[in-house]
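Worksheet: the structure to be examined is printed underneath.
The values are calculated or read from the model by the stated rules, or taken from the named source; none is laboratory data. The structure displayed is predicted, hence computed values, not measured ones. We place every Cβ from the backbone using ideal geometry, glycine too, and count neighbours over all the protein chains shown. Quick note on the areas: whole protein, heavy atoms, side chains included, nothing else; ligands and nucleic acids left out. Shrake-Rupley method; radii C 1.70, N 1.55, O 1.52, S 1.80 Å.
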Amino acid sequence: MIDRETVIHVAKLARLGMTEEDRETFGKQLSVILENIAILQEVDVSGVSPTAHASRLSSIMRADESQPSYAPEALLANAPDQEDNCLKVNAVLEES
Amino acid sequence: MTELYKLSIQEAGAMLRARQISSVELTRAHLDRIRAVDDKVKAFTLVTDDLAMRQAHEADIHFANGNTVTALTGIPLAIKDVICTKGITTTCGSNMLKDFRPPFDATVMQRLNAAGAVMLGKTNMDEFAMGSSTEHSAFFTTQNPWDLERAPGGSSGGSAAAVAAGMAMGALGSDTGGSIRQPAALCNVVGLKTTYGRVSRYGLVAFASSLDQIGPFARSARDAALILQAIAGPDARDSTSSPQGVPDYGANLNGDIKGLRIGVPEEYWVDGTQPGVEKAVRADIEKLREMGAEVGEVSLPHTKYGVPVYYIIAPAEASANLARYDGVKYGYSYRDTNDMWEALEKTRQYGFGQEVKRRIMLGTYALSSGYYDAYYKQAEKVRSLITEDFTRAFEKFDVLVSPASPSVAFKLGEISDPYEMYLQDVFTIPANLAGTCGISIPGGFSHGLPVGLQLLGNFFAEDTILRVADAFERVTDYHTRWPEL
């Protein structure tokens, strides 16, 4: 059901690097899982509205008041790389 | 005198307040117990000795000075490693967050700290709470204190095992599809999955946001009530937390369940449930009837769709929640390239384990163009039907009762097929989908291994299921038994 091309496509959507062996394993395992959950298709859901959340509430808003925040150093303490209190990343756009 | 680590929270609290013992003594007894048995059980990813002793000392000062104290002041607890602790590593059982130190405390931690509780350490779990055995922890597997060759259940297996082995008086876990109740069942402790919205999730690392809930582990219903009391209630930082008032959970633990209507869902007796589990739970139901409950059959006709619905919705939400692990802001980061996309893909390839990747793939597939309606939308609609099953059942019954898990603790390595592992949660998943509450309590033994009795309650009916649990404990001794270690 899930062929190699689909695995490659979905892995790309999820930005998940993968070995050839992983592709094969996940292809097989996802096929088995999807076969097992295929029984969902038999349920008559005409007129049923979807549940996106278990909460019976609509979102509760708090007052829009400014609160003390964290020092940049505290928030950057876990960053793999930083410079001048900014996160440092590889170039997104490069001149060709 | 009983060894200190065997006391209940209620007993220890009374002794602390009467100044018969100190929190330093109580905490030291638990740290000693951890040193004695955790080499075998491996419940903790981190033991915070210094912090624990400091907090214990502070608690003792409060007792000495006659300051206001709570039921949890000076009580040593363990915390699942998916709950953010300020400055203390919060790994989620993942290489991705191996060295992650949150800059803040989760709301539940702020509340435990304010209550004066003592934190002993962080407990092992399946990576990002995805699993039913702790075998998907990136670090090591926790062993079941009742049989070290068996799994403690999961994903909160470390918390369940710590409480079962006397390494903590209680613990926090999280339950997305059964991750509190199933390990509680396999380790012979009490595990409570709270109603969606009952406990703030601010600082709980997100797995599936429409399902995740935090809840307590303890060795009695009363102790679980004491922990719930400290952590329940609205929080301005979690927009899904409910403004519903928090009752006194201890007030109605009076042992009386006469006339209480208890429903037995006929669909919860499925092929694949072990005969020993069914026998124990049938006997428990008989016991509830003898205690004066009105027991009757009830139908939850969409039960069999619970696991399939869950394995669309939970992975779909996980695939979105786990998109944040990009190696830029925190966590593991692949650095050996100048290419942004390669860095991102390899960060996720090396940072995540197999089960997490499997679920990200499944969720991404279910949400992808061309499959969204057939899978995700369909699952959301069937979820409504499952919720309606409960709505109808709770019109006639106060509590529903079933096994918490179809089997007793299984051998480590015994379940290798992913979908077979998913079926571990067949009895626990529906309550997560509906958002209602449930508890697993010690319900007997089969071949020397614990069987969990699950009590399911309506929205915000934690007080009712705790009352039944406490009443059941008064006429049984399963919860008082200790594993040999």
| query | Is it the case that some residue within segment A:29-46 is assigned to a loop (DSSP other than H, G, I, E, B), more than 30 Å from B:Asp339 (Cα to Cα) and more than 7 Å from chain B (Cβ to nearest Cβ)? | reply | yes
Given the conditions (1) surrounded by fewer than 23 Cβ atoms within 10 Å (Cβ to Cβ); (2) among the aliphatic types (A, V, I, L, M); (3) more than 8 Å from chain A (Cβ to nearest Cβ), every one holds for B:Ala343 apart from (3)
Looking only at segment A:68-82, decide whether some residue is open to solvent by 100 Å² or more (accessible area, probe 1.4 Å), without any contact (Cβ under 8 Å) to a residue 24 or more places away in the chain and at the interface with chain B (Cβ under 7 Å from one of its Cβ atoms).
-> no
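Quick one: which helices (runs of 4 or more DSSP H) lie wholly within segment B:356-454 and hold at least 2 residues that are within 22 Å of B:Ala151 (Cβ to Cβ) and at pLDDT 95 or above?
Details: elements: B:378-396, B:418-422, B:429-434.
Result: B:429-434.
With the structure loaded, tell me whether B:Ser174 is in a loop (DSSP other than H, G, I, E, B) and more than 19 Å from B:Val118 (Cβ to Cβ) or whether it fails that test. Reasoning before the result, please.
Working: in a loop (DSSP other than H, G, I, E, B): no; more than 19 Å from B:Val118 (Cβ to Cβ): yes.
Judged against the criteria, B:Ser174 is not a match.
Could you go through segment B:239-249 and let me know if any residue there is among the β-branched types (Val, Ile, Thr) and either surrounded by fewer than 23 Cβ atoms within 10 Å (Cβ to Cβ) or modelled with pLDDT under 95 (or both). Outline the logic, then answer.
Looking only at segment B:239-249, we keep the residues that are among the β-branched types (Val, Ile, Thr), and these are B:240, B:246.
If we keep only those that are either surrounded by fewer than 23 Cβ atoms within 10 Å (Cβ to Cβ) or modelled with pLDDT under 95 (or both) as well, we get B:240, B:246.
Checked segment B:239-249: at least one residue is among the β-branched types (Val, Ile, Thr) and either surrounded by fewer than 23 Cβ atoms within 10 Å (Cβ to Cβ) or modelled with pLDDT under 95 (or both).
For segment B:322-332, which residues satisfy the criterion of being among the small types (Gly, Ala, Ser) and open to solvent by 20 Å² or more (accessible area, probe 1.4 Å)? Talk me through it step by step, then tell me what you get.
As a first pass, look at segment B:322-332 and keep what is among the small types (Gly, Ala, Ser): B:323, B:327, B:331.
Result: B:Ala323, B:Gly331.
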Subset of segment B:360-373, residues within 13 Å of A:Leu34 (Cβ to Cβ) and more than 7 Å from every other protein chain (Cβ to nearest Cβ), comes to B:Gly363, B:Ala366, B:Tyr371
Considering only helices (runs of 4 or more DSSP H) wholly within segment B:1-74, the ones with at least 3 residues that are more than 27 Å from the chain's Cα centre (by Cα) and among the hydrophobic types (A, V, I, L, M, F, W, C) are B:49-65
B:Gly327: passes all of (1) in contact with a Leu (Cβ under 8 Å, 6 or more places away or on another chain); (2) over 16 Å from A:Ala79 (Cα atoms) but (2)
Output for Cβ contacts, cut-off 9 Å, separation at least six or different chains, first residue open to solvent by 70 Å² or more (accessible area, probe 1.4 Å) in segment B:290-304, second in a strand (DSSP E or B), reads B:Glu294/B:Arg261; B:Glu294/B:Ile262; B:Glu297/B:Gly263; B:Glu297/B:Val264; B:Glu297/B:Pro265
